[in-house]
DNA sequence: CAATAAAACGAACGGTCGTGCTATAAATTG
DNA sequence: CAATTTATAGCACGACCGTTCGTTTTATTG
């Protein structure tokens, strides 16, 4: 017994890999079992047996995408020391993940959030939960820069995180729709303005 | 002959009204002729005859939504005098349009852009074109405030517009996904920071 | 009102959807 | 290697998809 890999587990991973790619192209809602099975090279029913329901497949794809995001963005950025260094590293990796058009489809979580924000159910719940966690993590990362004395003491970290998110979204939107890499420069300038004129708490 | 209204034109308008609402709920790509026909109260084939192809229906729905946006946001904001007054009015109306959850589905154009940014074709082309026009209009509106002396003379209007768009997107994203009206306050603070610490040209 | 044009319908088409079942093939275990 | 669990395939189902076509109803016009 090779511990990590039953046959089932192995093919399941392969399915999710291809599923992420396919969902990026057509959208998570339009992800179809037949098309996915064909790409993976197995039968519809064989693939279906792994998940038992379409919605379970969607959730599994989403969880797999989230795991890759955590690995490539969060975990890597956490290798940088607390403060502006980590914040900058996080922003750079996040931007690369979300708006890079090296691979088609952009960020699956952002696309899925936009697609499912009006469809109650487990998918939406999962996305909302992850979003809350991510926002809180962002605020904390900004907070470390405050603690390090690299941002004003009364910086509004939530406001900072909210605006940082907006910069990512604007870049994502414009790069993907208008296919113009020029927007990365605007994203960079936006971060610098956030740092140099950070939003302050009102009280 | 009542000039504006053949029977055909009238029902076409009704179809588009309902079509906008339905597309907001399920997404423009998942907009279905049968479901739409049922909601309008007519036969599938009868409805289909108005457009001749699914893609034409999608484009027609998109154009109708754009017309409503222009009417309720752009045109109304242009009643305010050039400068910060108009900019603030535009922002307020845009925010209300995009992120208000009084009616379900949020902004159709934003959702459609996210859905179609990877599907080449007329729908994507239309969305990209409208996006360029809108960004240019935003920059010009900011420029008027510069001309009025209400923003620094060397304000980077494109950067300003890009960041303004990010604030709208961040609000849209968070309000719709997390159902928390609190984010409107962050949107407002973001605009004030843009005005009080406007991005400047590098040269 | 009659003639004509426009609009809506109903039925059917080939496809694909998600999802059950039953049988077979492959991997794992003793 | 034999026994058994696990994974995959094949087939069928009802439902709905976009689209076509011929017919019927409704508006418009002279």
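I'm checking a number: the convex hull volume of the Cα atoms of the stretch B:1-121, normalised per residue, in Å³. What is it? Don't skip to the answer; put the middle values down first.
Numbers: hull volume 16.7 nm³, N = 121.
Dividing the Cα hull volume of the stretch B:1-121 by its residues yields 138 Å³.
For residue A:154 and residue A:102, FRET efficiency with R0 = 56 Å and r from the beta-carbon atoms, rounded to 0.05? Present the calculation step by step, with values, prior to reporting the outcome.
On the way: r = 40 Å, r/R0 = 0.71.
Plugging the Cβ-Cβ distance into 1/(1 + (r/R0)^6) gives 0.90.
Averaging sequence separations of C-alpha pairs under 8 Å and six or more residues apart, then dividing by the length of the stretch A:76-203, give the relative contact order as a whole percent. Before the final figure, lay out the partial values.
Numbers: 111 pairs, mean separation 35.1, N = 128.
Taking the mean separation of contacting Cα pairs over the length of the stretch A:76-203, I get 27 percent.
When the chain is fully extended, how far beyond the present Cα-Cα distance does residue A:202 get from residue A:185, taking 0.36 nm per residue of separation? Walk me through the numbers before you get to the answer.
On the way: separation 17, 0.36 × 17 = 6.12 nm, distance 3.02 nm.
Full extension of this stretch gives 3.1 nm more.
For residue A:74 paired with residue B:49, estimate the spin-label separation in nm (one decimal), with each label point 7 Å from Cα along the Cα-to-Cβ line.
5.6 nm
What is the spin-label model distance, in nm, from residue A:39 to residue B:32 if the labels are put 7 Å beyond Cα along the C-beta direction?
Roughly 2.2 nm, to one decimal.
What's the angle, to the nearest 10 degrees (0 to 90), between helix A:84-99's Cα axis and the longest principal axis of chain A?
It is inclined by approximately 40 degrees.
For the protein assembly as shown, what does -39500 (n - 2.57) per DSSP helix run (n ≥ 4), summed and divided by total residues, give at 222 nm, in deg cm²/dmol to the nearest 500?
Numbers: 18 runs with 272 residues, N = 406.
Helix contribution divided over all residues of the protein assembly as shown: -22000 deg cm²/dmol.
Give the Cα extents of the stretch A:59-196 along the principal axes, in whole Å, largest first.
The Cα atoms of the stretch A:59-196 stretch 42, 32, 26 Å along the principal axes, largest first.
Rounded, prolate or oblate: which one fits the stretch B:38-98, using the alpha carbon gyration tensor with axes a ≥ b ≥ c (rounded when a/c is under 1.5, else prolate when a/b beats b/c, else oblate)?
prolate
Taking only the alpha-carbon atoms of the protein assembly as shown, what semi-axes of the equivalent ellipsoid follow from 5 times the gyration tensor eigenvalues under a square root, in whole Å, largest first? Let's see the in-between values first.
Numbers: eigenvalues 244, 217, 53 Å².
Whole-Å semi-axes of the equivalent ellipsoid: 35, 33, 16.
Given 37 °C and 0.692 mPa s, how large is the Stokes-Einstein diffusion coefficient of the stretch A:75-155 in µm²/s, with Rh as the Kirkwood radius over Cα pairs?
Numbers: Rh = 14.3 Å.
Result for D is 229 µm²/s.
Which angle between 0 and 90 degrees, to the nearest 10, do you get for helix B:183-196 versus the longest principal axis of chain B when only C-alpha atoms count?
The two axes meet at around 40 degrees.
What angle, in degrees between 0 and 90 and rounded to the nearest 10, separates the Cα long axis of helix A:157-178 from the longest principal axis of the Cα atoms of chain A?
Roughly 60 degrees between the two axes.
Once the piece of chain linking residue B:56 and residue B:85 is laid out straight, how much longer is it, given 0.36 nm per residue of separation minus the C-alpha distance between them?
Numbers: separation 29, 0.36 × 29 = 10.44 nm, distance 3.87 nm.
Difference between extended and current length: 6.6 nm.
Hey, with R₀ at 22 Å, roughly what FRET efficiency would residue A:63 and residue B:119 work out to, going by the Cβ-Cβ distance, to 0.05? All intermediate terms of the calculation are to be shown ahead of the outcome.
Details: r = 25 Å, r/R0 = 1.14.
Rounded to the nearest 0.05, the efficiency is 0.30.
No lab work stands behind these numbers, since they all come straight from the coordinates. Since the model is a prediction, treat every value here as computed from it, not as a measurement. Backbone-built Cβ (ideal geometry, glycine too); neighbour counts: all protein chains shown.
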